[in-house]
Amino acid sequence: MRDLLPIIAVIAFFQLAVVQQPIPDLGGLLAGAALVVVGLTLFVRGLEMGLFPIGEAMAHAFARKGSLVWLLAFAFALGFGTTVAEPALIAVTNEAARVAADAKLIGIDEMARNDYALGLRITVALAVGVALVIGVFRILKGWPVQYLILGGYAGVMVMTLFAPSWIIGIAYDSGGVTTSTITVPLVTALGVGLASSIKGRNPLVDGFGLIAFASLTPMIFVMIYGILI
C-alpha cells in the first residue's frame, strides 16, 4: 500500500485540483486498487518463494555439473521461453501488428496481423536468448559488463541508420518490454546464482547485467527483422 500511495496521490491531485471534477466510478477505482494491492503482494511473495530460489538453484546445479554447452543451452532456453510468454511483449506486438495493418504495411486480415505479431515475438525471444548466452559467457570469463554494453549500443545506433523508420520505434520499445514480470526474476536469479557458484566471481559485480543485455539485443534483432521483411 505504501508503494501504491504515490500513484493514488497523483491521480487524486490532478483529478480534483487540476481537472476539478469528481473521480468517475470511485467505487470501481477503489475495488481495482484493492485488487492491485492483493495481486502485487502475492506476486512479490511468489517471487521470494518460487522464482528466485529455482533460478539460483538451477544456476548452482549447472555450475557444479561443469558442462558449458548445457549451461549455455539452458541460458538460451530460459531467455527464449520467458520472453515469448511476456504479457507486455504480447501486448506491444499485437498493437504493432494492428497499426502496421492500418498503415497498409502488412495485410489487413487477421492472419497477416497474427503472423506479423508472432514474428516480432519470436524475434525478440531469440534476441533475449542470445543475450543470456552472451551474459552467461561474460560471467564465466569475468569480462567487464560496461564494455559489452557500450559496444552493443554502438551496434544499436548503427542499425538505426539502416532500419526502416517504421520499425525503429517498435524496436526500441521491444527492448523495454522484454524485461518484465516473468523474465526479470528468473534472469536475475540465474546471474546471481551463477556468479555465486564460480570461484573468483563476485555476485554483486558479476551477477548483475544480464537484464541490460536482455534489453539491448532485441533492439538490434527487431531492426534486422524490419530490414528483412
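Quick notes on this one:
- Taking only alpha carbon atoms, the range 41-112 gives an Rg to Rh ratio of 1.21, where Rh is the Kirkwood radius.
- Here the accessible area is traced with a 1.4 Å probe on the protein chains. For the chain, carbon and sulfur cover 72 percent of it.
- Accessible area expressed per residue, the range 127-229, with surrounding protein chains retained (probe 1.4 Å, Å²): 44 Å²
- D (Stokes-Einstein, µm²/s), Kirkwood Cα radius, the range 17-157, 0.890 mPa s at 25 °C: 128 µm²/s
- Here the spin labels are modelled as points 7 Å beyond Cα on the Cα-Cβ line, and at Val37 and Leu5 they lie 1.2 nm apart.
- Span-like helix check, the chain: qualifying full DSSP H segments, with Cα axial length of 15 Å or more and mean Kyte-Doolittle of -0.5 or more, are 26-46, 52-65, 68-84, 87-102, 110-141, 145-162, 165-177, 183-197, 210-228.
- The magnitude of the dipole of the range 53-164, with charges of +1 and -1 set on the Cβ of Lys/Arg and Asp/Glu and taken from the Cα centre, is near 500 debye.
- Over the range 107-229, the fraction of Cα-Cα pairs per 10 Å bin, rounded to whole percents and listed from the shortest bin up, is 14, 40, 29, 13, 4, 0.
- Start at zero, step by 5 Å, and the Cα-Cα distances of the range 111-152 spread as 5, 20, 19, 17, 12, 9, 8, 6, 3, 0 percent across the bins.
- Per residue, the solvent-accessible area of the range 72-124 (1.4 Å probe, heavy atoms of protein chains only, all protein chains present) comes to 48 Å².
- Across the options Ile170, Ala101, Ala125, the greatest Cα extent toward the positive end of the charge dipole of the range 85-215 (unit charges at beta carbon of Lys, Arg, Asp, Glu) belongs to Ala125.
- Take 135-142, 206-213 and order them by the average number of nearby Cβ atoms within 10 Å per residue, most first; the result is 206-213, 135-142.
- Max mean-square fluctuation residue, GNM over the chain, Cα-Cα springs under 10 Å, options Met219, Met111, Met58: Met111
- Helical contribution to [θ] at 222 nm, DSSP H n ≥ 4, -39,500 (n - 2.57), averaged over the chain, rounded to 500: -26000 deg cm²/dmol
- Computed P(r) (all Cα pairs; the range 72-129; 5 Å bins; percent): 4, 23, 25, 18, 14, 9, 5, 2, 0
- Note on Ser165 and Asn114: their simple-model spin labels are 3.3 nm apart, each label 7 Å out from Cα toward Cβ.
- Inter-part distance, the range 147-174 to the range 1-47, computed on C-alpha centroids, equals 36 Å.
- Heavy atoms of Phe13 accessible to a 1.4 Å probe, total area in Å² rounded to 10: 120 Å²
- Available extension along the chain between Ala12 and Thr181 is 58.1 nm, counting 0.36 nm per residue and deducting the alpha carbon span.
- For the pair Ile229 and Arg98, a Förster radius of 25 Å applied to the C-beta separation gives a FRET efficiency near 0.90, rounded to the nearest 0.05.
- Point-to-point label distance, His60-Val205, nm (Cα→Cβ direction, 7 Å offset): 2.3 nm
The values are calculated or read from the model by the stated rules, or taken from the named source; none is laboratory data. Remember, predicted model here, so these are calculated numbers, not experimental data. We place every Cβ from the backbone using ideal geometry, glycine too, and count neighbours over all the protein chains shown. To get the accessible areas, we keep the full protein, side chains included, count just its heavy atoms, and leave off ligands, DNA and RNA. Shrake-Rupley method; radii C 1.70, N 1.55, O 1.52, S 1.80 Å.
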